[in-house]
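What follows draws every value from the coordinates through simple rules; no lab data is involved. Just so you know, these numbers come straight off a predicted model, no measurement behind them. For neighbour counting, all protein chains shown are included, and Cβ atoms are generated from backbone atoms with ideal geometry for every residue, glycine included.
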């Protein structure tokens, strides 16, 4: 675990219904001291991508074609969103194919994506394969490996490889859902090595989207110590409890989204919010913004819409939950940011 997370300067308020009052009173400008966010502070799974994305070269079609043709070029093949991988002792590794083979399999720019450059300058691409027939049993059989869902594969991958796979999966999922122009409905065309789509009918440009999600551990002073509030959804496996989370809404700050979600889902009132870390989450294309929120006194209650139950855990009990030592209850696995938020609070 890295150094203590930076603290967001969040306003103190009673609940989300009163947040509109925050801007009612004018005050003199306050000089704020910048607090840098160290890039090495904490790396969740899917973060820490080692590639230089070289975004400034994406629009240079000739440069992209030349890099794809180089003997050192590699490509990650994904079939229906599942990356090609091999199993190793106690783990797994991504299986890369050559750039020329990826070009042949793609049959055009629509199914190719430039991911970036390795430290040695070698270009890395991804190729998106679709259909009912598993390519690992056909054209890719001599390469070896199997296609496996990233959610199950990620905990066994090297963290940097998990981040590369997440980049490819998220962009391909966006492409799969945005084949038509949202402005006029006409089919769009790929551009910028897979990182843009352009409508030939109305010239509107479309770019990969990332949907921000606040995910927060609510903590409360209690009996001379602290406790945290976890919840569960009805669709989750029986006994699973996790942190609360929700999508940010337009015109909403991170702190405001955190407070709103806590009040709506569990009936607790946020007092302050601390940033912990973030996690790319390619299901399909979210950014999980990890927070630890201090909440006011009160037991809380599930809204019976998002949550069917909430439960308080002391620090020792939270650590036991993470270790799987509470019969009938369990927490998300270590590769999920929810696990890391609970661990960061309980182990400090």
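Summary of computed values
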{"read-out": "Average Cα contact separation per residue, the chain, under 8 Å, 6 or more apart, as relative contact order %", "value": "19 percent"}
{"read-out": "Gain in span if fully extended, residue 249 to residue 183, counting 0.36 nm per residue against the direct Cα distance", "value": "21.6 nm"}
{"read-out": "Spatial separation of Cα centroids for the stretch 64-80 and the stretch 272-348, in angstrom", "value": "39 Å"}
{"read-out": "Ordering of 325-338, 134-147 by packing [mean C-beta count within 10 Å, highest first]", "value": "325-338, 134-147"}
{"read-out": "235, 289 arranged by Cβ crowding within 10 Å, fewest neighbours leading", "value": "235, 289"}
{"read-out": "Spin-label model distance (nm) - residue 59 vs residue 207, 7 Å beyond Cα toward Cβ", "value": "1.1 nm"}
{"read-out": "Distance between modelled label sites at residue 297 and residue 316, nm, 7 Å Cα→Cβ extension", "value": "2.4 nm"}
{"read-out": "Cα radius of gyration and Dmax for the stretch 258-316 (Å)", "value": "13.1, 36"}
{"read-out": "Within the stretch 310-348: backbone nitrogen closer than 16 Å to the residue 151 label point (7 Å, Cα to C-beta)", "value": "331-339"}
{"read-out": "Per-residue Cβ neighbour rank within 10 angstrom, fewest leading, 273, 310", "value": "310, 273"}
{"read-out": "Global form of the stretch 34-188, assessed from the alpha-carbon gyration tensor, a/c cut-off 1.5", "value": "rounded"}
{"read-out": "Overall Cα dimensions of the chain, principal axis frame, Å, largest first", "value": "65, 51, 38"}
{"read-out": "Length added when fully stretched, residue 235-residue 287, from 0.36 nm per residue minus Cα-Cα", "value": "16.5 nm"}
{"read-out": "Calculated diffusion of the stretch 231-348, Stokes-Einstein form, Kirkwood radius summed over Cα pairs, 10 °C and 1.306 mPa s, µm²/s", "value": "107 µm²/s"}
{"read-out": "C-alpha long axis of helix 337-346 to longest principal axis of the chain, angle in °", "value": "40 degrees"}
{"read-out": "Separation of the residue 198 and residue 306 label points, Cα + 7 Å toward Cβ, nm", "value": "4.0 nm"}
